[in-house]
Structures are given as C-alpha cells and as structure tokens.
Amino acid sequence: MDLFPTVLALAGAALPEGMVMDGLDLGPVLFDRSVLPPRPFFYYRGDELFACRWGEWKAHFQTQPGYAQAGLERHDPPVLFHLGRDPSEKRDVAAAHPEVVAQLRGLVETHRNGVVPVPTNLR
C-alpha cells in the first residue's frame, strides 16, 4: 500500500485527483532515516476486514483457516493478542484488556467510514 505513493513522490508526480490513499510516501524512511508515524494496519481477505493491528496489539474480528476454505468464524468480542509477548497469537487477552479492544474497534470504525468498498477479484 506504500509503494504507489512512494513511487509518485520519487517521480515528482501528483496524486491522482479524487483518489484517497491508504499508504504513505516512504521516501523519508528510505533516504533520511526518518521513523514512520504510528498508524493502524488493517488485514483484509478480499473485501472483508479480518483484523486490525495497532503497535503490538492485534485484534481479529473474524478468522478463517485459509483462502476459499470453509470455517469462517466471527468474533464478538474480537480476539486480542499482544504480539510482543505472543507473536504466534496463541493467547487471547481481550478479557484482560477491554480498553485496547475498544481502541481497536474505534480505529476500525474510523477506517470503515473513510473507505469506499470496491468489488474484489479474489474469488
């Protein structure tokens, strides 16, 4: 998602009119050793949002064993993992961190309000 805005910036080209970008120009990181600002990362399968990561926290709103496989499971509340302590995502800590779950739900809601869904080609 960051490739397109980075290439545009390197080429000195303007962002296409009316286009909303979810990526960032990585030029400052690549050439000036800047640090990316904190931002959430959203995980999709096709046009379905499955998870959201913010820092070391990751919430799964739905899970599925693999693409085009049966077994879609929706999670309400979402399952929550602290990736710094549990990188393999084995221990759900949502019950112990309702404030983090609420924060990630808020990030997802803000994201959904700013995204216009388009048909997927991944079927």
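Please list the equivalent ellipsoid semi-axes of region 31-76, computed as the square roots of five times the alpha-carbon gyration tensor eigenvalues, in descending order and whole angstrom.
28, 12, 7
Which label marks the calculated value of Cα extents along the principal axes in Å, given the options (1) 36, 32, 27; (2) 38, 28, 25; (3) 47, 35, 25?
Read-out taken from this structure: (3).
On a 0 to 90° scale, report how tilted helix 98-114 is relative to the longest principal axis of the chain, with both axes built from alpha carbons and the result rounded to the nearest 10.
The helix 98-114 is inclined about 40 degrees to the chain.
Can you quote the Å³ per residue value for the convex hull of the Cα atoms in region 66-123, rounded to an integer?
131
Order these by the 10 Å Cβ neighbour count, fewest first: L80, L107, L10.
L10, L107, L80
Would you list E99, E56 from fewest to most Cβ contacts within 10 Å?
Neighbour counts put them in this order, fewest first: E99, E56.
Just from its helices, what would the mean residue ellipticity at 222 nm be for the chain, if runs of 4 or more DSSP H residues each count -39500 (n - 2.57) and the sum is divided by every residue, rounded to the nearest 500 deg cm²/dmol? Kindly include the intermediate steps, with their values, before the conclusion.
Working: 3 runs with 32 residues, N = 123.
Taken over the chain, the calculation gives -8000 deg cm²/dmol.
Laboratory data are not the source of any read-out in this text; all were calculated from the coordinates shown. A quick note: this is a predicted structure, and the numbers were derived from the prediction, not measured. Neighbour counts are summed over all protein chains in view; Cβ atoms, including those assigned to glycine, are modelled from backbone coordinates with ideal geometry.
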